[in-house]
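The values are calculated or read from the model by the stated rules, or taken from the named source; none is laboratory data. Values in this document were obtained by computation on a predicted structure and should not be read as measured data. FYI the Cβ positions are ideal-geometry reconstructions off the backbone, even for glycines, and counts take in every protein chain you see. Note: accessible area is taken over every heavy atom of the protein model, side chains too, but ligands, DNA and RNA are not part of it. Shrake-Rupley method; radii C 1.70, N 1.55, O 1.52, S 1.80 Å.
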Amino acid sequence: MSHHAIALFTARRTQYALGKNLPLPEADVDALIRQAIRLAPSSFNSQSSRAVILFGAASEKLWKNITKETLRPMVPADAFASTDAKMDSFAAGAGTVLFYEDQDTLKELQQKFPLYADNFPIFSEHSAGMAQFAVWTALAEAGIGASLQHYAPLIDAEVSRTWDIPVAWKLRAQMPFGSNEKPFAEKTFIADEARFKTIR
Ligand SMILES: Cc1cc2nc3c(=O)[nH]c(=O)nc-3n(C[C@H](O)[C@H](O)[C@H](O)COP(=O)(O)O)c2cc1C
């Protein structure tokens, strides 16, 4: 397929081998991430997604200090070497996007539309995923590699303390990004018969 969207979706891959050589100035990457999140859809256009964009030393602090030291007492000592290497690989990138969902926005929606009250937390998770996909794809198009990580809620308190995050923001994912330092791994696909039905 030669559609532009499909080309972009093909370019978005998980990249663990990150470096610091961004193809764009940090300010442009920052603007790109913000615009991707602004444009991502959300239920009732509630715009519940929030983001903290860490560059350089701040991103290194997230992985080499906060996440590594949070995990150290939780991981068996003989297994920590791989955790240590993994955290260093994220820190080797140029930055990290912290994806949040604003819980105050959810509460307002629940009060305004009680009929959907149970659904808003679910819609919020969907919106978070859409924002993450939008950013990941936009970074890929700019030649920037990234992966999607989940260390919440383990790191929440320390992250909030360090960067003064509003209490209503709930951390959902972390996206370390940087230059692509290795080719992407092979990706396989399950049979279409198992996942699609087209009906006419
Ligand atoms: C909802 C979701 C959660 C994921 N969580 C993680 C994660 O915690 N750590 C990780 O390394 N990759 C995570 N991934 C990345 C997937 O493993 C990856 O997208 C998948 O293997 C397909 O590879 P690709 O991204 O190169 O297309 C996650 C992806 C999604 C969509």
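Placing +1 at every Lys and Arg Cβ and -1 at every Asp and Glu Cβ, with all other atoms neutral, what dipole size does the chain have around its Cα centre, in debye to the nearest 20? The calculation lands at about 340 debye. Taking all protein chains together and rolling a 1.4 Å probe, I165 ends up with roughly 20 Å² accessible.
Dividing the mean sequence gap of close Cα pairs (under 8 Å, 6+ apart) by how many residues the range 96-200 holds gives a relative contact order of 39 percent. By definition, a body whose alpha carbon gyration tensor gives a ≥ b ≥ c is oblate when a/c is 1.5 or more and a/b is not larger than b/c, and the range 2-61 fits this oblate description.
The largest accessible area among H4, H150 belongs to the first residue in H4, H150, and the rest follow in falling order (1.4 Å probe, all chains).
Ranking request for peptides 131-138, 49-56: highest mean number of other beta-carbon atoms within 10 Å first, then the rest in descending order.
Per-residue mean Cβ counts within 10 Å order the peptides as 131-138, 49-56.
For the chain, the C-alpha radius of gyration divided by 2.2 N^0.38 Å, with N the number of residues, is 1.11. Each peptide among 83-91, 172-180 gets the average number of other Cβ atoms lying within 10 Å of its residues, and from highest to lowest they stand as 172-180, 83-91.
Summing Lys and Arg as +1 and Asp and Glu as -1 over all other residues whose Cβ lies under 15 Å from the Cβ of K107 gives a net charge of -2.
Once you list every other residue whose beta carbon is under 13 Å from the beta carbon of R12, what net charge do they have if Lys and Arg are +1 and Asp and Glu are -1? Once positives and negatives cancel, what remains is +1.
Of all the options K170, K20, K107, the one that moves most in a Gaussian network model of the chain with Cα springs shorter than 10 angstrom is K107.
Per the Debye formula on identical point scatterers at the alpha carbon atoms of the range 36-80, with no solvent, log10 I(q)/I(0) at q = 0.29, 0.31 Å⁻¹ is -0.97, -1.03.
Using only the heavy atoms of the protein chains and a 1.4 Å probe, how would Y16, Y100, Y116, Y151 rank by accessible area, largest first?
Y16, Y116, Y151, Y100
Using the Karplus relation 6.51 cos²θ - 1.76 cosθ + 1.60 with θ = phi - 60°, the per-residue 3J(HN,Hα) values for the range 45-55 come to 6, 6, 6, 7, 6, 10, 8, 10, 9, 9, 10 Hz, with x marking Gly and Pro. Distant-in-sequence amide contacts of R50, defined by a placed amide H-H separation under 5 Å and a gap of 5 or more residues or a different chain, comprise Y100, E101, D102.
How high is the relative contact order of the chain, in percent, with contacts defined as C-alpha pairs under 8 Å that are six or more residues apart? Don't skip to the end; give the middle numbers.
Details: 292 pairs, mean separation 71.7, N = 200.
36 percent.
Taking amide H as placed 1.01 Å from N in the peptide plane, the amide H of F177 sits under 5 Å from that of A94, G95, T96, V97, each at least 5 places away or on another chain.
Cross-link partners for K61 among the lysines, with Cα-Cα distance under 25 Å and sequence neighbours closer than 8 places in the same chain left out: K20, K86, K170, K182.
Rounded to whole numbers, the Karplus 3J(HN,Hα) couplings from phi for the range 194-200 are 7, 10, 10, 10, 10, 10, 10 Hz, using 6.51 cos²θ - 1.76 cosθ + 1.60 with θ = phi - 60°, and x at Gly and Pro. The string of couplings for the range 83-99 from the Karplus curve (6.51, -1.76, 1.60, θ = phi - 60°) is 5, 4, 5, 5, 4, 5, 5, 6, 5, 5, x, 8, x, 8, 9, 9, 9 Hz, one whole number per residue in order, with x for Gly and Pro.
Tally Lys and Arg at +1 and Asp and Glu at -1 over the other residues with C-beta under 14 Å from the C-beta of A79: what net charge comes out? Within the 14 Å Cβ shell, the charges total +1. The H on the amide N of W169, modeled in the peptide plane, is under 5 Å from the matching H of Q103, each at least 5 residues off or on a different chain.
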